[in-house]
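Novice: Below are the structure tokens for one structure; questions will follow.
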Amino acid sequence: MLYASADQQVLGYLGRALSLEMTAVQQYATQAKLVSAWGLADDARKLQEESLEEMGHVERVIARMLALGAAPNASILRPVKLGSNLRDLLFADAELERDLVELYSQASRHCARNGDLDNRKFFEGLLQEEQAHDIALIEWIKNLESPETSPSTRVTF
């Protein structure tokens, strides 16, 4: 099923992207359930929305792999990172988002060097979305740490 013309490095980036995006789906969905159990419904909803957005990325990566003739296979999922409070969870999420940003940066640079405009645009689109996720997580953490934050969002279990 693999096309002879498919860039093996692009396929490698896509495989790693699929693994990281699936990890993100699993992490956000798990954290949403945990935060809901803590009684933080609004935060749980936001984490569930993140999970769904990351699932959209999974679907896009799979479609790209299929278009290049590769069978999708998320081979290595990272363990879910939990914590004893929302802040710890968000720091773990920000770390994962930064890993995705780095991967998509490398992939888009590779494609630019090789004149692969289609895949470069694909990776750059995902890069922009992951950068926005990272910024949003940093803002969320800052809001939790501000003195005006309600005590309910700083509950530690």
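Residue-by-condition table, conditions (1) hydrophobic (A, V, I, L, M, F, W, C); (2) on the phi > 0 side of the Ramachandran plot:
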| position | (1), (2) |
| --- | --- |
| Leu11 | yes, no |
| Val35 | yes, no |
| Lys46 | no, no |
| Met65 | yes, no |
| Gly69 | no, yes |
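Novice: Report yes if Ser36 is without any contact (Cβ under 8 Å) to a residue 12 or more places away in the chain and part of a helix (DSSP H, G or I), otherwise no.
Specialist: On the way: without any contact (Cβ under 8 Å) to a residue 12 or more places away in the chain: yes; part of a helix (DSSP H, G or I): yes.
Yes, satisfied.
Novice: Suppose we keep only residues that are free of Cβ contacts under 8 Å to residues at least 40 places away in the same chain and not in a helix (DSSP H, G or I) within region 65-84. Which one would you say is surrounded by the fewest Cβ atoms within 10 Å (Cβ to Cβ)? Break it down into steps so the answer makes sense when it comes.
Specialist: Residues of region 65-84 that are free of Cβ contacts under 8 Å to residues at least 40 places away in the same chain, as a first pass: 66-67, 79, 83.
Filter once more, so that each one left must be not in a helix (DSSP H, G or I): 79, 83.
Values: Pro79: 8, Gly83: 15.
Among those that are free of Cβ contacts under 8 Å to residues at least 40 places away in the same chain and not in a helix (DSSP H, G or I), it is Pro79.
Novice: Tally the residues that are over 15 Å from Ala94 (Cα atoms), without any contact (Cβ under 8 Å) to a residue 60 or more places away in the chain and of a type in the set (A, V, I, L, M, F, W, C), restricting the search to region 39-55.
Specialist: The total comes to 4.
Novice: For Ala32, indicate whether it is in contact with a helix residue (DSSP H, G or I) (Cβ under 8 Å, 6 or more places away or on another chain) and exposed (fewer than 12 other Cβ atoms within 10 Å of the Cβ). Explain how you work it out, then say what you get.
Specialist: Values: in contact with a helix residue (DSSP H, G or I) (Cβ under 8 Å, 6 or more places away or on another chain): yes; exposed (fewer than 12 other Cβ atoms within 10 Å of the Cβ): no.
When the stated conditions are applied, Ala32 does not pass them.
Novice: When you scan region 18-29, do you find a residue that is in contact (Cβ under 8 Å) with a residue 12 or more places away in the chain, of a type in the set (Ser, Thr, Tyr) and in contact with a Lys or Arg (Cβ under 7 Å, 6 or more places away or on another chain), even just one? Spell out how you get there, then give the answer.
Specialist: First pass over region 18-29, keeping only residues in contact (Cβ under 8 Å) with a residue 12 or more places away in the chain: 18-29.
Next cut, of a type in the set (Ser, Thr, Tyr) only: 19, 23, 28.
Okay, now just the ones that are also in contact with a Lys or Arg (Cβ under 7 Å, 6 or more places away or on another chain), so 23.
Checked against the condition, which is being in contact (Cβ under 8 Å) with a residue 12 or more places away in the chain, of a type in the set (Ser, Thr, Tyr) and in contact with a Lys or Arg (Cβ under 7 Å, 6 or more places away or on another chain), region 18-29 yields at least one hit.
Conditions (1) part of a helix (DSSP H, G or I); (2) among the acidic types (Asp, Glu); (3) under 30 Å from Glu145 (Cβ atoms), marked per residue:
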site: Leu90; (1), (2), (3): yes, no, yes
site: Asp99; (1), (2), (3): yes, yes, yes
site: Leu103; (1), (2), (3): yes, no, yes
site: Ser108; (1), (2), (3): yes, no, no
site: Glu130; (1), (2), (3): yes, yes, yes
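Novice: Kindly establish whether Leu117 is modelled with pLDDT of 95 or more and buried (at least 16 other Cβ atoms within 10 Å of the Cβ). Can you show your working first?
Specialist: Numbers: modelled with pLDDT of 95 or more: yes; buried (at least 16 other Cβ atoms within 10 Å of the Cβ): no.
No: the conditions fail for Leu117.
Novice: Among the listed residues Arg87, Arg60, identify the single one that is basic (Lys, Arg), surrounded by 13 or more Cβ atoms within 10 Å (Cβ to Cβ), in contact (Cβ under 8 Å) with a residue 60 or more places away in the chain and over 19 Å from Ala32 (Cα atoms). Lay out the reasoning, then the answer.
Specialist: Working: Arg87 fails: over 19 Å from Ala32 (Cα atoms).
Being basic (Lys, Arg), surrounded by 13 or more Cβ atoms within 10 Å (Cβ to Cβ), in contact (Cβ under 8 Å) with a residue 60 or more places away in the chain and over 19 Å from Ala32 (Cα atoms) holds for just one of Arg87, Arg60, which is Arg60.
The values are calculated or read from the model by the stated rules, or taken from the named source; none is laboratory data. Computed from a predicted structure; not experimentally measured. Don't worry about glycine lacking a Cβ; one is built from the backbone with ideal geometry, like all the others, and counts go over all protein chains shown.
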